[in-house]
1. Just report the Cα centroid separation between segment 256-290 and segment 192-229, whole Å.
2. When the chain is fully extended, how far beyond the present Cα-Cα distance does LYS127 get from GLU255, taking 0.36 nm per residue of separation?
3. How big is the dipole moment of segment 264-366 about its Cα centre under a simple scheme where the beta carbon of each Lys and Arg is +1, that of each Asp and Glu is -1, and everything else is neutral? Debye, nearest 20, please.
4. Using θ = phi - 60° and the Karplus form 6.51 cos²θ - 1.76 cosθ + 1.60, what ³J(HN,Hα) does each residue of segment 292-297 get, whole Hz, x for Gly and Pro?
5. Please calculate how many Å² of accessible area the chain carries per residue, with a 1.4 Å probe and no DNA, RNA or ligand atoms counted.
6. Rg (Å, one decimal) plus Dmax (Å, integer) for the alpha carbons of segment 199-294?
7. Report the one residue of PHE306, MET350, ALA296 whose Cα lies farthest in the direction of the positive end of the charge dipole of segment 290-357 (charges on C-beta: Lys and Arg +1, Asp and Glu -1; origin at the Cα centre).
8. Using only Cα atoms, find the angle between the long axis of helix 213-226 and the longest principal axis of the chain, and express it within 0 to 90 degrees, rounded to the nearest 10.
Amino acid sequence: MVSFNKVTRVIAGIAATALLIPMAACGGGSSSGGSAAPADIPAAGTDDGTEITLWTRSPLERQAKNAVKAYNASHKNQVKLEIIPNDDMEGKVGGASQTDSLPDILAGDVVRIPYWASEGIFTDITKQIDGLDNKSDLQQGHIEAGTVDGKEYTLPFITDVSVMVWNKNLYKEAGLDPEKGPSSIDEFVEQAKAVAALNKDGVAGSYLAGQSGGALVFDLFPSVWADGESVMNADGTEATLDNDSMKAVLDAYKELANTTNGLGAGSKEETGATWTAPFANGNIGVMPYPNTSSTALFEAEKDGGFEVGVTPIPGTKEGKTSTFLGGDAMGISKDCKHVAQAWNFLAWLMSDDAQKEVFAANGDTASNIQTLKTAYDDADPRVQTINSVIIDGNGQTPKSAAFNEAFNAAGSPWQLLIQNAVWGDGGLKADNQAITDVLGQ
């Protein structure tokens with residue numbers, strides 16, 4: 001059992017395919033990161049009416065807007081938020097870095113943070129982070145993601161986790177217990193096949209984003225971790241996917257792919273742009289899902305939509321679960337001219353009060369473990385279930401500067417591994433080696 005505060009490799013979130021840019025595009029090219037923050041920054045930063053610019057990705061737009069709205073309403077400083085389309089983020093950051101025009105605060109998919117931090121994108125705020133009274137309560141993976149040679153560059157911005165969701169209405173129709181989701185991979189297949197057997201037009205047992213490396217790691221890795229297996233070695237230079245648990249997960253999806261209505265139409269071609277839509281539209285029985293999108297499901301249910309069940313993602317052994325702890329981390333960019341004011345926003349968002357106001361009050365997942373434990377007593381039980389996958393300490397993801405190229409990028413060897421294993425002839429050992437070849441470069 002790994003405690004929340006010891007999950008030091010939690011650095012990924014949902015990332016659809018991204019443009020690759022050369023190392024030089026992020027400037028620096030060193031492992032020392034950007035310049036250090038001034039030593040005289042107050043512990044809480046400076047709030048003097050300065051405009052602060054912030055970039056973040058479109059998948060987490062609602063949560064980002066909530067954070068900025070709350071900050072702007074209570075501070076003299078004002079944050080100007082720019083939402084970047086997910087697929088445009090990589091190129092925009094690379095171009096801005098070359099022209100010294102990065103925003104004051106840059107928030108990005110934590111899977112990419114190790115690369116950005118090593119390339120000098122951020123300002124060193126080690127002293128400020130270490131000075132936070134509640135640092136040990138924060139999601140450590142978002143800090144670790146932006147740590148290079150002992151220097152800390154990032155804090156959590158928005159936390160996202162993967163859970164299993166199911167359509168209770170379809171479960172009832174299929175003769176399944178609508179209150180019981182899958183507790184093992186075998187049960188996942190059984191329940192998905194039961195829904196598939198309804199033979200309803202447009203309805204399938206499950207769904208898979210076959211062409212989205214980021215969605216695929218988010219969906220599939222937790223079952224491997226639940227079994228106590230790994231997906232990469234500790235330093236992120238070697239893939240370890242050639243194991244029995246990964247094979248069992250891949251075989252499960254292959255069985256569904258070979259079952260009539262087992263996987264929703266378009267699963268093989270899904271790039272990630274619409275990978276949550278089939279379930280949200282009521283056409284999928286059961287599938288892994290991002291918690292940042294689950295709030296919309298619960299709201300739709302109140303308006304007469306189908307009933308939704310939520311449970312942790314299981315492994316092959318009944319009762320063993322895990323999650324992909326991810327989302328966006330944030331740091332002060334190397335180009336920031338208002339470091340003390342930018343730190344005021346970061347420090348504020350880490351506070352217990354802000355975590356409650358911005359996240360707990362809106363049914364979203366806080367990045368503070370104490371907030372998760374104390375601020376959700378009146379929340380929807382499904383939100384409490386989502387929080388539990390963090391509190392139980394079993395969540396993780398690998399950290400590697402080459403993660404994007406090996407897993408998330410269009411045509412990555414991981415994406416090809418899934419295509420081969422689910423819709424092709426397999427070859428796990430060779431495909432695992434292809435991922436290692438990229439990670440080890």
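The values are calculated or read from the model by the stated rules, or taken from the named source; none is laboratory data. Note that this is a predicted model, so its numbers are computed, not measured. FYI the Cβ positions are ideal-geometry reconstructions off the backbone, even for glycines, and counts take in every protein chain you see. SASA here: full protein model, heavy atoms, side chains in, ligands and nucleic acids out. Shrake-Rupley method; radii C 1.70, N 1.55, O 1.52, S 1.80 Å.
1. About 7 Å separates the Cα centre of segment 256-290 from the one of segment 192-229.
2. Contour length minus Cα-Cα distance gives 40.9 nm.
3. For segment 264-366, the charge dipole is close to 360 debye.
4. Values per residue, Gly and Pro as x: 5, 9, 6, 4, 5, 5 Hz.
5. Numbers: 16060 Å² over 441 residues.
Using a 1.4 Å probe on heavy atoms only, each residue of the chain averages 36 Å².
6. Considering segment 199-294 through its Cα atoms, Rg and Dmax are 14.2, 47 Å.
7. MET350
8. 70 degrees
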